[in-house]
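Working notes, beginning with the structure itself.
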Amino acid sequence: KYLLAIAVAAVIITLGVLNADWNSDRVQPERKHERGPVGNSIPTNGTTKFRSDNIKSLPLSKEGTILQKYALEISQRVPKKFLPSYRSPCWQETDGLKCLPYFYQIGSYKSGTSDIWDKLVQHPDVVPVLKEPHWWAWRRFGYKELPCHHEMVLKIRDLTGKGDDSSLDWYLNWFRHQTGNMSPNQVIGDGSITALWGIADGIANYTDPEPSHVLADVIHAVQPGAKVYAILRNPLDRALSEYFYSHKRETKTPEEFHEEVVKSLKETKDCLRTKKSARACAFSLQIGNWTKFVPLHGAYYLYLKEWVEAYGRDNVHVIKTEDWIDEPKEVLTNLISFLKLDPLPETKLASILMRKVRNSRKQRKSQFKIMLNSTRHLLEEFYRPWNGELVKLLGHSSFSWGI
């Protein structure tokens, strides 16, 4: 009996070590989700907290990993290790090569993301795939609309043959169809702006006071070594651009924009009073949608903090839109360096930067050159504290935008 007990104990210890080793190789351990000091008051009323007092790290499923709770198909399909000969995270299946993005351009909305993407994919080591599949935050949960890349979305839907875009096959086919004979040294990226404020279990399923995990956690669990960068614009200018874009088929006046700002700020403050947490409102379905101006979309700190917590500050590269406009050569060079791509010759860099600016509507935006002083004052008051938090997070005073 004594020998039998020793043998059983040895087997249990061995299985535990093997399981721990598999999990450490496959997924990063669940991190504690302390969303800043509980007493950290938020800007709108000076009393609402960044996070709810009652929020706790959500217990994970029996499998014990973020992936197994929020992305079971991915956890079962994506291998523990990728092909070492490829820079992008790739692996072989019976029907050929499968690859996930090497980098993620996570936003923000109306901040020059299309132009930077267009310039970056001219690098010979970057495969020029279309920018925004919107799979991680939207299509994975049944979203079937066509906000962009209509033809390609439908083509991949037909190619996948499952009637929707929610499967991992759809996402893998998105890249496979566009990459052709991608060389091992080349990389692919995903520029979906919805990634910045996506949550772990989808916009359609968000009913809890706060999401215990967000999309940054899920992508990090799949790809802890992914490159992540964000593009942030003066939130006042971004707000104006967002409003204009959402009414691009109409003629709007500064007075109408002011009315929209007043209405949206009231809705936001009502949410903050009800939910008691800025984080809950920032990721709420009621606040985050495409049909109206969303003030919290410019409170970048709330969203970027999630990515910095997941990947670490040094692994999240942040670009100011204003720097891109003033010093595009320096910004693009620094981005290439961050992504660990080969430096470009001066002539190649110059020719890339000579390309036409993408997704610019300067001519039609002329009607909005003047923002009412009363509108500006309201937005400055709303964004000033959030910009202060962003400065602390990123360690650079320029992210206050002088507000």
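How large is log10 I(q)/I(0) at q = 0.10, 0.15, 0.16 Å⁻¹ when the Debye formula is applied to the Cα atoms of the range 66-394, each weighted equally and without solvent? Log-scaled intensity ratios, in q order: -0.60, -1.39, -1.55.
Report the equivalent ellipsoid semi-axes for the range 76-180 in whole Å, largest first, defined as the square roots of five times the eigenvalues of the gyration tensor built from alpha carbon atoms. Before the final figure, lay out the partial values.
Working: eigenvalues 91, 78, 32 Å².
Each semi-axis is the square root of five times an eigenvalue, giving 21, 20, 13 Å.
Close Lys pairs in the range 232-338, defined as Cα atoms under 26 Å apart and 8 or more places apart or on different chains, number 25. By the rule of a C-alpha distance below 17 Å, with chain neighbours fewer than 8 residues away ignored, the aspartates and glutamates paired with K227 are D125, E132, D190, D217, E306, E309, D314, D342.
Taking Cα centre as origin and charging only the Cβ of basic (Lys, Arg, +1) and acidic (Asp, Glu, -1) residues, the dipole magnitude of the range 66-394 rounds to 260 debye.
Students sometimes get this wrong: rank D95, D201 by accessible area, probe 1.4 Å, all chains present, largest first. All intermediate terms of the calculation are to be shown ahead of the outcome.
Numbers: D95 85, D201 50 Å².
The residues order as D95, D201, largest area first.
Per residue, the range 66-394 exposes 43 Å² of solvent-accessible protein surface, assessed with a 1.4 angstrom probe and all protein chains in place.
Could you please state how large a percent of the accessible area of the range 66-394 is carbon and sulfur, counting protein chains only and using a 1.4 Å probe? Could the numbers behind the result be given before it?
Values: 7110 of 14000 Å².
Whole-percent figure for carbon plus sulfur exposure: 51.
The values are calculated or read from the model by the stated rules, or taken from the named source; none is laboratory data. Everything numeric in this text was worked out from a predicted model, so none of it was measured. Every residue, glycine among them, receives a Cβ derived from its backbone with ideal geometry; neighbour counts consider all protein chains shown. The accessibility values were calculated without ligands, DNA or RNA, using every heavy atom of the protein model including side chains. Shrake-Rupley method; radii C 1.70, N 1.55, O 1.52, S 1.80 Å.
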